[in-house]
Amino acid sequence: MTDVLGKFNLLMFVGRSVDSLFNLIPTIVARSFIETKDSINYSVT
């Protein structure tokens, strides 16, 4: 019974990790996009 509970906890942990990862990706993409845009603007001017 504890083995099943352990697997369930592991699944929940993995699910939370994946969820937070998916939440992080747009932030990282947006940040790198803004930095790229800034560097392009900087090199243009």
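I need the phi-derived Karplus couplings for the range 4-20: 6.51 cos²θ - 1.76 cosθ + 1.60, θ = phi - 60°, integer Hz, Gly and Pro marked x.
In residue order, the calculated couplings are 5, 5, x, 4, 5, 4, 5, 4, 4, 5, 4, x, 5, 4, 4, 4, 5 Hz.
Match the structure shown to one of the listed values (1) 83, 25, 8; (2) 35, 23, 14; (3) 66, 9, 5 of Cα extents along the principal axes in Å, computed from it, and give that label.
(3)
Taken together, the values in this text are just the output of simple stated rules run on the coordinates, not laboratory data. Predicted, not measured: the structure shown is a model, and the values here were computed from it.
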